[in-house]
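The values are calculated or read from the model by the stated rules, or taken from the named source; none is laboratory data. All figures in this text were calculated on a predicted structure; none of them were measured in a lab. Here the Cβ is made from the backbone with ideal geometry for all residues, glycine too, and neighbour counts use every protein chain on show.
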Amino acid sequence: MTKLADYAARSETSRGRNYPEEKPVHRDEFQRDRDRIIHSAAFRRLEYKTQVFVNHEGDMFRTRLTHSIEVAQIGRSIARALGVNEDLTEAICLAHDLGHTPFGHAGQDELNNCMKEYGGFEHNLQSLRVVDLLEEKYADFQGLNLTFETREGILKHCSVNNARELGDVGERFINKLQPSLEAQISNIADEIAYNNHDVDDGIRAGLLGIEQLLECELFRSEYETVIAKYPALVERRTIHETIRRMINRLVCDLINETKVNISALSPTSIDDIRNCDHALVALGEDTLEPSRELKTFLRKNLYQHFHVHRMTHKARLVIRSLFQAFAADARLLPHDVQHKMDEQDGINARYRIISDYVAGMTDRYALSEYERIIGPVMPGQ
Ligand code: MG
């Protein structure tokens, strides 16, 4: 690793873990966090969770696992260029979607509806709940007992009410402070990754056309460059070449803009980053608008495409039906989940156990639970 900047997060000065542990021998604290995330059950399940296209739609599309790996790759490149902590950035990136339900955003929205009267459901808060509580692997503690810095990075947004209940990682939302640069990088790396891979998956699925995408400046400018330079290139390679240039343009612009922002503040410690009244990791003028334009384009033309909507419609039905069935009759739940419910007082706490169980399912496990409990469901439309 290159020399860390003064304002980078440092393993030696970490605010530590909730349950104090011996220092790792051949790794530092953030490397240990990353390793624990990779060895978690929730991380493995990301392989069978929807990013945009439900898992059984095809083997070529991104899943939450490949998405998380792409986010980590982009995050690490940016962290290295800015002289901040690559290992911490990687840990946050790999963990950022651990709390996602099956079936992507449709699943989360439906579970939130089911939990509306009982504290709600939010995937980002759930990611923290997974690493703090739901992983049950270690002898001495619940969860993965990650460092404060990794947990701080996972919690991207949070209401003041929730923040009050979360203790140390919630404080910045009450005091309106920024997270580390490593956390800020992970946040934008997520956006860069999905905006670009969703273009790729959207074209591959036949839901987005090149003509249509030329409306977006970010796609058009890189596509035209590629066509001019390689007029005989087959379409599949032209698209890949275009997308890799789009990612490169966004990452380079982000690094340049962030360097300017950092030198304007001249921070000498991570606390200077946290106490700043604005985020320093940001896209510059050249890419901010084009990036927003692409995001809006994808919302309208891909996420709301009738084909995607059909998948999400059915996904909502599956999530809602499972939740309602378990809420009406807890005896349908596996023994260990029933046992956890029995330990809880009050409906909110009891329903939270159902919500955790449903949120932890992969797409195909949710579908098979639906079939076992409710009735046949045909995959695809
Ligand atoms: Mg993500």
Selection status of ALA315, closer than 30 Å to SER221 by Cα, touching a residue at least 12 places away in the same chain (Cβ under 8 Å) and under 21 Å from the mean Cα position of the chain (by Cα): no
Identify the single condition in (1) among the hydrophobic types (A, V, I, L, M, F, W, C); (2) surrounded by 21 or more Cβ atoms within 10 Å (Cβ to Cβ); (3) more than 16 Å from the ligand (Cβ to nearest atom) that PHE141 does not satisfy, given that it satisfies every other one. (2)
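Listed here are the residues, each with its yes/no results for (1) modelled with pLDDT under 95; (2) of a type in the set (Phe, Trp, Tyr); (3) more than 15 Å from the ligand (Cβ to nearest atom); (4) surrounded by fewer than 24 Cβ atoms within 10 Å (Cβ to Cβ).
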| site | (1), (2), (3), (4) |
| --- | --- |
| ALA41 | no, no, yes, yes |
| LYS49 | yes, no, no, no |
| HIS56 | yes, no, yes, yes |
| ARG62 | yes, no, no, yes |
| SER77 | no, no, yes, yes |
| GLY83 | no, no, yes, yes |
| ILE92 | no, no, no, no |
State all residues of the stretch 114-154 that are among the basic types (Lys, Arg) and closer than 19 Å to SER14 by Cα; if no residue qualifies, say none. ARG151
Please indicate, with yes or no, whether at least one residue in the stretch 155-178 is without any contact (Cβ under 8 Å) to a residue 40 or more places away in the chain, basic (Lys, Arg), within 16 Å of the ligand (Cβ to nearest atom) and under 19 Å from ALA9 (Cα atoms). no
Any residue in the stretch 200-211 that is touching a residue at least 40 places away in the same chain (Cβ under 8 Å), within 16 Å of the ligand (Cβ to nearest atom) and surrounded by fewer than 23 Cβ atoms within 10 Å (Cβ to Cβ)? yes
Exactly one condition in (1) assigned to a helix (DSSP H, G or I); (2) surrounded by fewer than 19 Cβ atoms within 10 Å (Cβ to Cβ); (3) in contact (Cβ under 8 Å) with a residue 12 or more places away in the chain is not met by PHE219; state its number. (2)
Do the conditions hold for ALA163, that is, is it surrounded by fewer than 22 Cβ atoms within 10 Å (Cβ to Cβ) and of a type in the set (A, V, I, L, M)? yes
Can you tell me how many residues in the stretch 95-122 are touching a Leu at 6+ places or on another chain (Cβ under 9 Å) and within 11 Å of the ligand (Cβ to nearest atom)? 5
Filter the stretch 297-312 down to residues that are touching a residue at least 40 places away in the same chain (Cβ under 8 Å), of a type in the set (S, T, N, Q) and surrounded by fewer than 16 Cβ atoms within 10 Å (Cβ to Cβ), then give me how many there are. 0
Does the stretch 241-255 hold any residues that are surrounded by 15 or more Cβ atoms within 10 Å (Cβ to Cβ) and either over 14 Å from GLU222 (Cα atoms) or out of contact with any Asp or Glu (no Cβ under 6 Å at 6 or more places or on another chain) (or both), and which are they? GLU241, ILE247, ARG249, LEU250, VAL251, CYS252, ASP253, LEU254, ILE255
Exclusive hit being part of a helix (DSSP H, G or I), crowded, with 17+ Cβ neighbours inside 10 Å and not polar (S, T, N, Q), set LEU280, LEU288, LEU294: LEU294
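Here is a yes/no grid of residues against (1) assigned to a helix (DSSP H, G or I); (2) within 22 Å of the chain's Cα centre (by Cα); (3) over 18 Å from GLU110 (Cβ atoms):
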| site | (1), (2), (3) |
| --- | --- |
| MET311 | yes, yes, no |
| ILE319 | yes, yes, no |
| PHE323 | yes, no, no |
| GLN338 | yes, no, yes |
| MET341 | yes, no, yes |
| ALA349 | yes, no, yes |
| ALA359 | yes, yes, no |
Selection over the stretch 212-242 where residues are among the hydrophobic types (A, V, I, L, M, F, W, C) and more than 16 Å from GLU293 (Cβ to Cβ) yields a count of 7
Checking the structure you have, find out if any residue of the stretch 305-322 is in contact with a Leu (Cβ under 7 Å, 6 or more places away or on another chain) and among the small types (Gly, Ala, Ser). no
